[in-house]
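What follows is one structure encoded as structure tokens, with my remarks underneath.
Values in this text are rule-based calculations from the coordinates and carry no lab data. Bear in mind the structure is a predicted one, so any value in this text is a computation, not a measurement. Cβ placement follows ideal geometry from the backbone for every residue including glycine, while neighbour counts extend to all protein chains displayed.
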Amino acid sequence: MAQTFSYEFSTTGTPEDARARLQRVLTDRLRRPSGGGGARNLHREMRLSKHTATSLTYKPKLVAPMPVSTMVWLGRVLSAEQINVTFTPNGGDVQTRVSVAGKVGHGGEAVADREFWTEALTVST
């Protein structure tokens, strides 16, 4: 069953600067959402599918075009798993509001946890 989540955070800099600074960190974290080795993350990986100056969108990644991997990936796509990160001004040029919202399936609970995002956004500031 899919789990939806939505969080807001605050960071320094303009929305464009914050996105540029956080994009690499978030993309790396979503490649290994549960931490650790590749086996635990094999079917939980997310890829950057779209980005603008003030937003990032992540969708399920097809790891290997093998029958089982393809079936798991297709299930994730059909259940609309996705993560959207948007950056908006928060009262001036020095603060940016970071909104994180998404939907993840079974096994992606770590990504839906506020602690995952707090750590990812804190490490990169």
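Between beta-carbons, use under 15 Å as the cut-off and find the net charge around Arg114, counting Lys and Arg +1, Asp and Glu -1.
Net charge in that neighbourhood comes out at -4.
Over the Cα atoms of the stretch 40-125, what Rg and Dmax result, in angstrom?
14.7, 50
Provide the gained length on full extension for the span Ala64 to Asp28, in nm with one decimal, where the gain is 0.36 nm per separating residue minus the Cα-Cα distance.
Between Ala64 and Asp28, full extension yields 11.1 nm more.
How far apart, in nanometres, would the label points at Thr12 and Gln95 be if each is projected 7 angstrom from Cα along the Cα-to-Cβ direction?
1.5
Given the Cα-Cα distance of Met71 and Asn84 and 0.36 nm per residue of separation, how much length would full extension add, in nm?
Stretched out fully, the Met71 to Asn84 stretch lengthens by 2.3 nm.
Mind pulling the angle between the C-alpha long axis of helix 67-78 and the longest principal axis of the chain? Nearest 10 degrees, somewhere in 0 to 90.
Helix 67-78 sits at roughly 40 degrees to that axis.
Points 7 angstrom from Cα along the Cβ direction at His106 and Ala53: gap in nanometres?
4.4
Using unit Cβ charges (K, R positive; D, E negative) and no other charged atoms, how large, in debye to the nearest 20, is the dipole of the stretch 3-123 about its Cα centre?
Approximately 420 debye in magnitude.
Among Val100, Val25, Val68, which comes first, then next, by fewest other beta-carbon atoms within 10 Å?
Starting with the residue having the fewest Cβ neighbours, the order is Val68, Val25, Val100.
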